[in-house]
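The values are calculated or read from the model by the stated rules, or taken from the named source; none is laboratory data. All of these numbers come straight from a predicted model, not from anything done at the bench. Every residue, glycine among them, receives a Cβ derived from its backbone with ideal geometry; neighbour counts consider all protein chains shown. For the accessible areas, the whole protein counts, side chains as well, though only heavy atoms, and no ligand, DNA or RNA atoms are used. Shrake-Rupley method; radii C 1.70, N 1.55, O 1.52, S 1.80 Å.
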Amino acid sequence: MQINMTVNGNEVTNDIEPRVLLVHYVREVLGLTGTHWGCDTSNCGTCVVLMDGQPVKSCTVLAAMAAGHDIRTVEGLAAGGTLDPVQQGFMAEHGLQCGFCTSGMMLTARALLDKNPHPDDTEIRQAISGQICRCTGYATIVRSVHWAAAHPAGADAAATVDAVLDGTDNAVPDIATELVETEVKA
Amino acid sequence: MQIPAPFDYVRATSVDDALELLSRHGAESRVVAGGHSLLPMMKLRLSRPEWLIDINDLYELDFILRDGDKLRVGALTRHTTLLESAEVAGLFPIVRDAESVIADPIVRNRGTIGGSLCQADPAEDLSTVCDVLGAEAVIRGPGGERILTMADFHRGPYETAAGPDELLCELRFPVRSRSGSAYEKVERRVGDWAVGAAGASVTLAGDGTIADAAVGLTALGLDHTVAEAGAVLRGQRPAEELFVEAGRLAAAACDPVDDQRGPIDYKRHLADELTRRVLRLACTRAIQTQEG
């Protein structure tokens, strides 16, 4: 059957078997291997992608069911060569070790922050409670999400004041402090 | 790699269209909504439908609507929507209690109330919730619409009254004043099947006695409410000794199995303890509603 959907902003059309799961479609047909394939039983959450902005486990969604919807994978997080603040947070706070759960964790974090820009520890832990980090690096993952919440425009020194003001109240002093630190180091 | 056996896929465009597809393909077809029970079963080849009828486009079944003394909930309402509904939590706090422990947040984005009830897994939470709340199931089929009590709808593990050419469309919950409800589950980890769970709904009379009460158990080998517990509660004033007695009756009425989630003795203990806890909380909430 023919399916059409939007993946990371691009319209895609393919002829597939109805039984193809979204995770395999994304990885094998579209070649977007940043989405990982883990337990195959909707337990581990490494296959999470965003469907119309909501995290879903792509091992338990048929590609046919995703047709007509907007899919975002980890490859669609960065924009114009700039990493999403969530990705920057995972770098800044060492939110990954082996990296297997990371793409799913980051997409869930992105969806959480879009809905709730200032989550507390409990809200972050609940949001990722359907995902498993086999390195057990949950503490740093939670810190990474906090970092992204505190830096809604990322750590990019070129971020405009307007963009920064779109986010948290404390973002402006945060950015300013970092700029000062950068200057001191330089 | 787990891949379902081949099947044909079709998207229903309306309830009528879904019913037409069901009458055409009948027993060889399965309806898919969230798919988080059916697709894993298909991947394990425990279920091999020839046709998969996707009802995710039926927005007409995705609603929460107050209609007089009933709250009407569409069968395609997602768990996340139910969990986040302030109206549902205000009327039936048991729904928020249960929804917050169903699977995990990501699965809840897809799973639906109708899918959970039709799957009728013995460890499924919403059957107990609907049962103690006295919900009615609205089913549509070629013969028109029929409305069933949960006792008639839910026939046992993996079995409901919905026929192969019928579709569960809606749940109707009676709104009662001076009522409270609660649910508590013991699970080994987030997203695991319940070791055991209990739900209770209580309605108080004007004099503060219990006018009506229902206690239900999940994953403990009892398909319907604990009739003995309801009987002992009715007409009495809420009190700890009463909850203890109801807990004892629930433990005696249940019929759990010994499995990797725990031995029978432990599960009976859970039936007892969880019944007491949900009754305490349901009565407290009913009294608060009365005062509020």
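Quick notes
- Backbone phi angles across segment B:146-157, fed through the Karplus curve with coefficients 6.51, -1.76 and 1.60 (θ = phi - 60°), yield HN-Hα couplings of 9, 10, 10, 6, 4, 4, 7, 6, 8, 9, x, x Hz in residue order; Gly and Pro are listed as x.
- By accessible area, using a 1.4 Å probe on protein heavy atoms only, the protein assembly as shown has 50% of its surface on carbon and sulfur.
- Relative contact order (%) - criterion: Cα under 8 Å, at least six apart; region: chain B: 15 percent
- For segment A:1-47 and segment B:241-286, distance of Cα centres in Å: 44 Å
- From phi via Karplus (6.51, -1.76, 1.60), per-residue ³J(HN,Hα) for segment B:240-246 in Hz, x at Gly/Pro: 4, 4, 5, 5, 4, 5, 4
- Net charge over other residues, Cβ less than 12 angstrom from the Cβ of B:Ala211 (K, R count +1; D, E count -1): +2
- Rounded Å value of the spacing that divides the Cα centres of segment B:72-88 and segment A:102-138: 23 Å
- In summary, segment A:28-121 shows an alpha-carbon radius of gyration equal to 1.06 times the 2.2 N^0.38 Å reference for compact globular proteins.
- Shape call, segment B:45-170: gyration tensor on alpha carbons, a/c limit 1.5: rounded
- For segment B:205-288, size of Cβ-based charge dipole, Lys and Arg +1, Asp and Glu -1, in debye: 280 debye
- Separation of the B:Asp67 and A:Val29 label points, Cα + 7 Å toward Cβ, nm: 3.8 nm
- For B:Phe92, no residue whose modelled amide H falls within less than 5 Å of its own remains once neighbours fewer than 5 places apart on the same chain are excluded.
- B:Gly262 sits among other residues whose Cβ lies under 15 Å from its own Cβ, and their net charge, with Lys and Arg +1 and Asp and Glu -1, is -2.
- Accessible surface buried once B binds A (1.4 Å probe; total of both sides; Å²): 2400 Å²
- Relative contact order for segment B:59-174: 28 percent, from Cα pairs under 8 Å spaced at least 6 residues apart, divided by residue count.
- Projected-area mean, segment B:195-292, by convex hull of Cα positions, square nanometres: 5.6 nm²
- Chain B: radius of gyration and largest Cα-Cα distance (Dmax), Å: 19.1, 62
- For the residues of B:95-106, the average number of beta carbons from a partner chain within 10 Å of their own beta carbon is 4.
- The candidates B:Val232, A:Val7, arranged from most to least accessible area with a 1.4 Å probe in the full protein assembly, appear as B:Val232, A:Val7.
- Tilt relative to chain B, helix B:15-25 - C-alpha long axis, 0 to 90 degrees, to 10: 60 degrees
- At an R0 of 51 angstrom, the distance between the Cβ atoms of A:Arg125 and B:Val15 translates into a FRET efficiency of 0.85.
- If only the Cβ of Lys and Arg carry +1 and only the Cβ of Asp and Glu carry -1, the dipole of chain B around its Cα centre is close to 480 debye.
- For segment A:71-83, putting each phi into the Karplus relation 6.51 cos²θ - 1.76 cosθ + 1.60 with θ = phi - 60° gives couplings of 10, 10, 10, 4, 5, x, 6, 6, 10, x, x, 9, 5 Hz, in residue order, rounded to whole numbers and with x for Gly and Pro.
- Shielding by partners for peptide B:32-42, expressed as the average number of C-beta atoms from other protein chains within 10 Å of each residue's C-beta, is 4.
- What the protein assembly as shown shows is 43 Å² of accessible area per residue, with the surface traced by a 1.4 Å probe over protein heavy atoms.
- Extent along principal axes [Cα atoms of the protein assembly as shown; Å; largest to smallest]: 78, 54, 45
- Rounded, prolate or oblate (a/c below 1.5 giving rounded, otherwise prolate when a/b exceeds b/c) for segment B:103-219 by Cα gyration tensor: oblate
- In this Cβ point-charge picture (+1 for Lys and Arg, -1 for Asp and Glu), segment A:1-109 has a dipole of about 180 debye about its Cα centre.
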